Amino acid sequence: MRMNAVITGASRGIGKAIAKIFALNVYDLVLVSKNETHLLNTVQEFEKDFPDITIKAQAFDLSKKEAVLLCGEWINNNTDTVDVLVNNAGTFLPGNVIDETDGTLEAMMQTNVYSAYYLTKTLVPKMIAQRNGHIFNLCSIAGLQAYPNGGSYSISKFALMGYTKNLRHELREHGVKVTAVIPGAVYTDSWAGFIAPERIMEAEDVAKMVYAASRLSPQAVVEDIVLRPQLGDL
């Protein structure tokens with residue numbers, strides 16, 4: 001039986017790159033994204049490039065708890081197993097804690113932390129019953145150290161790191177692995193026109209590391225994947 005990779009924020013950037021590498025290695029895909037048009041375009045591209053796998057996709061706005069719970073229910077109803085879960089959905093609003101717009105912290109926490117928390121909580125009983133599976137939480141260098149204009153984004157990523165550490169501790173006796181993926185700057189659409197692509201990392205760099213970590217023996221886990229541009233952080 002083929003394995004299933006569930007990926008949020010899957011229609012562009014890092015999420016799409018991760019979905020692609022699992023498709024290349026003949027995983028069936030369950031893809032979630034907020035933007036339905038981008039998601040459908042990704043599905044059409046993958047169906048053409050990977051005709052031998054099954055792709056299920058649905059648009060959900062994971063900044064809303066109700067949508068996260070519906071998403072988890074949809075995934076549970078459409079998969080026999082959850083072998084890989086990549087919590088990649090996220091958003092970034094620049095600013096400083098002392099002067100950012102009211103509501104920025106709530107927006108960052110809802111998308112960057114609560115989506116991973118509630119989706120994982122919905123799916124993890126299936127993984128515990130399987131006694132296997134691997135959860136990847138897309139954290140950030142911003143969750144290791146403060147930086148200018150990081151504000152609430154950095155706070156949310158510190159929180160996601162803490163959640164990941166607790167989840168790892170709770171699930172290790174159940175055979176479920178948990179990995180924090182901690183990239184520095186990666187060239188995606190948000191960087192287009194602002195910086196030379198060769199200055200920062202490629203989304204495929206992150207995808208390769210995630211896939212490699214997923215292939216270890218059951219008794220080994222990569223707890224943290226830290227990637228930085230060769231020339232250093234911005």
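The values are calculated or read from the model by the stated rules, or taken from the named source; none is laboratory data. Model, not experiment: these values are computed from the prediction. No Cβ is skipped: glycine too gets one built from the backbone with ideal geometry, and neighbour counts run over all protein chains shown. For accessibility, only protein heavy atoms count, side chains too; no ligands or nucleic acids. Shrake-Rupley method; radii C 1.70, N 1.55, O 1.52, S 1.80 Å.
Here are ALA19, ALA5: which of them is at pLDDT 95 or above, open to solvent by less than 20 Å² (accessible area, probe 1.4 Å) and not in a strand (DSSP E or B)? So that I can check it myself, show each step before the final result.
On the way: ALA5 fails: not in a strand (DSSP E or B).
Every option except ALA19 fails the conditions.
Can you go through THR122, THR111, THR79, THR101 and tell me which one is touching a Gly at 6+ places or on another chain (Cβ under 9 Å), under 27 Å from HIS38 (Cα atoms) and surrounded by fewer than 21 Cβ atoms within 10 Å (Cβ to Cβ)? If you could, list the steps in order and put the result at the bottom.
On the way: THR111 fails: surrounded by fewer than 21 Cβ atoms within 10 Å (Cβ to Cβ); THR79 fails: touching a Gly at 6+ places or on another chain (Cβ under 9 Å); THR101 fails: under 27 Å from HIS38 (Cα atoms).
Answer to the selection: THR122.
Select, from LEU105, LEU123, the only residue that is more than 19 Å from the chain's Cα centre (by Cα), farther than 20 Å from ALA185 by Cβ and assigned to a helix (DSSP H, G or I). Walk me through it before giving the result.
Details: LEU123 fails: more than 19 Å from the chain's Cα centre (by Cα).
The conditions single out LEU105.
Give the residues of the range 126-157 that are over 23 Å from VAL84 (Cα atoms), of a type outside the set (Ser, Thr, Tyr) and surrounded by 17 or more Cβ atoms within 10 Å (Cβ to Cβ), sorted by residue number.
Result: ALA142, LEU144, GLY150, GLY151, ILE155.
Regarding ALA89, is this residue assigned to a loop (DSSP other than H, G, I, E, B), buried (at least 18 other Cβ atoms within 10 Å of the Cβ) and not charged (D, E, K, R)?
Values: assigned to a loop (DSSP other than H, G, I, E, B): yes; buried (at least 18 other Cβ atoms within 10 Å of the Cβ): yes; not charged (D, E, K, R): yes.
So ALA89 fits the description; yes.
Among the numbered criteria (1) in a helix (DSSP H, G or I); (2) in contact with a Ser or Thr (Cβ under 7 Å, 6 or more places away or on another chain), which one does SER154 miss?
(2)
On the given criteria, is THR54 polar (S, T, N, Q), surrounded by fewer than 18 Cβ atoms within 10 Å (Cβ to Cβ) and over 23 Å from GLY150 (Cα atoms)?
On the way: polar (S, T, N, Q): yes; surrounded by fewer than 18 Cβ atoms within 10 Å (Cβ to Cβ): yes; over 23 Å from GLY150 (Cα atoms): yes.
In short, yes.
Given the residues GLU223, GLU173, which is the only one that is in contact with a strand residue (DSSP E or B) (Cβ under 9 Å, 6 or more places away or on another chain) and open to solvent by 50 Å² or more (accessible area, probe 1.4 Å)? Walk me through how you get there before you give the answer.
Numbers: GLU173 fails: in contact with a strand residue (DSSP E or B) (Cβ under 9 Å, 6 or more places away or on another chain).
Being in contact with a strand residue (DSSP E or B) (Cβ under 9 Å, 6 or more places away or on another chain) and open to solvent by 50 Å² or more (accessible area, probe 1.4 Å) holds for just one of GLU223, GLU173, which is GLU223.
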